[in-house]
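First comes the structure, then the notes that go with it.
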Amino acid sequence: MAELDTTKLLAARYRAATDRPYLASALYALTVVPSDEVPTMGVDRHWRCYVSPGFVDRTPVAELAAVWVHEVAHLLRDHHGRADLLPAADRRDRHRVNVAQDCEINDDLVADGLPLPAGRLEPRLFGLPEGQLFEAYLTELPRSTWIHDCGSGAHGEPSPWESGATSGPPGVGGVEAESLRHHTAEAMRAHVRARGTLPGGWKRWADEVLEPTVDWRQVLAGAVREAAAWAAGAVDYTYRRPARRSTALRGVVLPSLRRPLPRVAVVIDTSGSMGDEEIAAALAEVTGVLREVGIRGNRVTVLACDADVRAVSRVTSAEQIALAGGGGTDMRVGIAAALAVRERPSVVVVLTDGLTPWPDEIPSCRIVAALVGPSAPAAPAWVETVRVTN
Ligand SMILES: [Zn+2]
């Protein structure tokens, strides 16, 4: 391996930390790992920073300082943690995810006057607006064969040049990473109070870390997706012998990849205390996720329910649901109706304002409740709860 010019690399980190002191703790938490395989610099999930000696040699200190900030931004913004929450189809193309993440970072860094090396990726290269999160850029980026890899600290998948979780120098654990994020956000606020300036992207990030506003759509989609995956794995998870002619696998028993798709019931509270719009939004989110994971048609049943189950119907849009208006709510009736069929659902999603009694016994299925409205009473602990508020 070519020898790494550590003096130059660390001088660049010193410059980055001196110019933007609020990033100092995070920058100094990174462990340097020299590597001939990494094209420039990259980070893994454990805050280890892989550095190409050749890249350090040919890059001026000011640009190296900007790259330090770029790498630590992937980790502070928890890009790998957020990538883990993407739908599987999006997560598969790690390079495309990485391009979207670089767009999220680099527009702020350029606005902040950091001289990133040539070839940097920015939203304007794709005709996209600045100041968005990578999840938004990802939906806008053209389908293409991207090659762009900042490491598992960015897109979440281990890159060939990484040490792996159990080898290499010790890194930063999840709890420590969270505290570094919190500390950095606090330092940014203190910086704004003292100097009055902070790039807009960092300002929004610090606000989100210190006062998180979680989008219920994302949480509900995640809960439904996870419950469906759990149900798909729990049903008939049989081991089958592979075909005899696959000699490379002789004697090895693989888990069958063909599992039956789970059935899902959606029970909707139509007692009238919930608004049309909220029901429509929550139902759209649930059916969207179910479609995305391939659960559709007769595998999804939607029941409208107040004190009585009025109708059992397969609905695809909220207009088909008639609000009963007034009356009490008893979602126990709806859950019981959902389970009183020959082919029982393994997941029941309940959309309710929470003003309902819940079953005394834990049913033999997963229950995800979307509690609509800011003052909805809590559900029992065994119900997975997502609060829907606008
Ligand atoms: Zn990057």
Seminar exercise, completed: Filtering region 190-217 for residues that are of a type in the set (K, R) and within 24 Å of C103 (Cα to Cα) leaves a count of 3
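Out of all the residues in region 30-62, which are hydrophobic (A, V, I, L, M, F, W, C) and more than 20 Å from Q101 (Cβ to Cβ)? Steps first, answer last, please.
Step one: of region 30-62, the residues hydrophobic (A, V, I, L, M, F, W, C) are 30, 32-33, 38, 41, 43, 47, 49, 51, 55-56, 61-62.
Residues satisfying the conditions are V32, V33, V56, V61, A62.
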Problem set entry | Scope region 107-127; condition away from the ligand (no atom under 13 Å from the Cβ), surrounded by fewer than 17 Cβ atoms within 10 Å (Cβ to Cβ) and in a loop (DSSP other than H, G, I, E, B); matching residues | G113, P115, A118, G127
Exercise. Can you name the condition, by its number, that T7 falls short on among (1) under 26 Å from T139 (Cβ atoms); (2) more than 12 Å from the ligand (Cβ to nearest atom); (3) among the β-branched types (V, I, T)?
Worked result: (1)
For this session: Filter region 52-68 down to residues that are under 22 Å from R94 (Cβ atoms) and surrounded by fewer than 24 Cβ atoms within 10 Å (Cβ to Cβ), then give me how many there are.
Result: 2
Exercise. Only one of these conditions is not met by A136: (1) away from the ligand (no atom under 15 Å from the Cβ); (2) in a loop (DSSP other than H, G, I, E, B). Which number is it?
Worked result: (2)
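For region 152-161, does any single residue satisfy the condition of being closer than 23 Å to Y22 by Cα, buried (at least 17 other Cβ atoms within 10 Å of the Cβ) and within 12 Å of the ligand (Cβ to nearest atom)?
The first filter runs over region 152-161 and keeps only residues closer than 23 Å to Y22 by Cα, leaving 153-154.
Next cut, buried (at least 17 other Cβ atoms within 10 Å of the Cβ) only: 153-154.
Right, trim to within 12 Å of the ligand (Cβ to nearest atom) and you get 153-154.
Checking region 152-161: at least one residue is closer than 23 Å to Y22 by Cα, buried (at least 17 other Cβ atoms within 10 Å of the Cβ) and within 12 Å of the ligand (Cβ to nearest atom).
Scan A177, A187 and give me the residue that is over 24 Å from the mean Cα position of the chain (by Cα), in a helix (DSSP H, G or I) and at pLDDT 90 or above. Even if it seems obvious, please write down each step before you answer.
Working: A177 fails: over 24 Å from the mean Cα position of the chain (by Cα).
One residue alone meets the criteria, A187.
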Seminar exercise, completed: With the first residue restricted to region 26-39 and required to be of a type in the set (K, R), and the second required to be surrounded by fewer than 18 Cβ atoms within 10 Å (Cβ to Cβ), Cβ contacts under 6 Å at 6 or more apart or on different chains are none
Exercise. Assuming H80 fulfils every condition listed in (1) away from the ligand (no atom under 15 Å from the Cβ); (2) within 14 Å of the chain's Cα centre (by Cα); (3) surrounded by 15 or more Cβ atoms within 10 Å (Cβ to Cβ) apart from one, which condition is it?
Worked result: (1)
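The values are calculated or read from the model by the stated rules, or taken from the named source; none is laboratory data. Just so it is clear, the model here is predicted, and its values are computed rather than measured. Positions of Cβ are backbone-derived with ideal geometry, glycine not excepted, and every protein chain shown enters the neighbour counts.
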